């Protein structure tokens, strides 16, 4: 049966931990200059409706390191949903490649692509979710703190796709999550209500959200497709900047996290982004390793048996 990687909600906690363990293992091989060409002869099609530095480079480099090949398809090359239907794109690509990654606007486009394709589909980002980034973030927390499930995470900013994926992660792993957003920019209530077991606080007070946090996470206030709202958002998000004063409310030594790209001087100061508590470059690097783990999990699930948490994930 075909598997896709569209969200974190479809994973079990055991699968989530196993993917992180696999990513750590693959990362150690890179550091030790060991080859692991498990996907030799495999091809990844990368569909981009939104531009990206990290998503493109990490998927393309990751596929090369696994022995496979990646093909970039930019926004004007296919016109998915306009020049050609999502269904036709999915069915054609399935005849040529082994794996599809899409970075797009509407989450429904990603879901339809996965439904119509006969090969696995990976959500590289939609306006609803960013699960690849979240696994990279969790791997980063694991590297710095070990058992990340005991941490308090504060997300400060727009209740958009990153906040939603943090909510999914909180449900999956039992995280203590606090989301601080201006009034009118909170995560969608109907989305939050799907996750009833999670310890999630949603507040319009950034200081309350950050209080006692082990890690403070932020993202740009204006995402792609929202450019016309930029000036309005800068006014309404005033007070939600991650800076020295806000970080005083977190635990001493709390990590500073950002998925990048950053609008320096808006959602975060240079001092915080470049400071000793910042792990943003670790997060960016770990995109490479978790995405390799995802691709292996989808195309070579038998590799799950090669690392400590794999047996639990296969049950």
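Between the C-alpha center of region 174-210 and that of region 223-261 there is a gap of 15 Å.
Taking other C-beta atoms within 10 Å as the exposure proxy, 267, 82 rank 82, 267 from fewest upward. Please label the shape of region 162-246 as rounded, prolate or oblate, based on the square roots a ≥ b ≥ c of the eigenvalues of the alpha-carbon gyration tensor (a/c under 1.5 means rounded; beyond that, a/b larger than b/c means prolate, else oblate). Oblate shape, in that a/c is at least 1.5 and b/c is the bigger or equal ratio. A Förster radius of 35 Å, combined with the Cβ-Cβ distance separating residue 108 from residue 281, puts the computed FRET efficiency at roughly 0.55. Fewest-first ordering of 132, 110 by other beta carbons within 10 Å of each residue's beta carbon gives 132, 110.
The reciprocal of the average 1/r between distinct C-alpha atoms defines the Kirkwood hydrodynamic radius, which for region 24-91 equals 13.6 Å. With each label modelled as a point 7 angstrom along the Cα→C-beta vector, the residue 229-residue 14 pair spans 4.1 nm.
Each of the peptides 139-147, 208-216 was scored by the mean count of other Cβ atoms within 10 Å over its residues; in descending order, highest first, they stand as 208-216, 139-147. Where does helix 280-299 land angle-wise versus the long Cα axis of the chain, in degrees 0 to 90, nearest 10? Helix 280-299 sits at roughly 30 degrees to that axis. Taking every C-alpha pair closer than 8 Å and separated by at least 6 residues, the mean separation divided by the residue count of the chain gives a relative contact order of 22 percent. Between residue 274 and residue 196, the modelled label-to-label distance comes to 4.9 nm, taking each label 7 Å out from Cα in the direction of the beta carbon. In degrees between 0 and 90, to the nearest 10, how far off the longest principal axis of the chain does helix 161-173 point, with axes built from Cα atoms? Roughly 80 degrees between the two axes. Can you give the FRET efficiency to the nearest 0.05 for residue 40 and residue 77, using r as the Cβ-Cβ distance and R₀ = 25 Å? Calculated value: 0.45. If you count the DSSP beta bridges with both ends in region 131-282, what percent of them are antiparallel, to the nearest 5? The antiparallel proportion sits near 0 percent. For the chain, the longest principal axis of the C-alpha atoms and the axis of helix 54-65 are separated by about 40°. Can you classify region 1-117 as rounded, prolate or oblate using the Cα gyration tensor, where a ≥ b ≥ c are the square roots of its eigenvalues, rounded means a/c under 1.5, and otherwise it's prolate if a/b beats b/c and oblate if not? Prolate, because a/c is 1.5 or more and a/b exceeds b/c. Ordered by the number of other Cβ atoms lying within 10 Å of each residue's own Cβ, fewest first, 185, 217, 72 fall into the sequence 72, 185, 217.
With each label modelled as a point 7 angstrom along the Cα→C-beta vector, the residue 96-residue 1 pair spans 3.0 nm.
Every number here is computed from the coordinates shown, using simple stated rules; none is lab data. Predicted, not measured: the structure shown is a model, and the values here were computed from it. Positions of Cβ are backbone-derived with ideal geometry, glycine not excepted, and every protein chain shown enters the neighbour counts.
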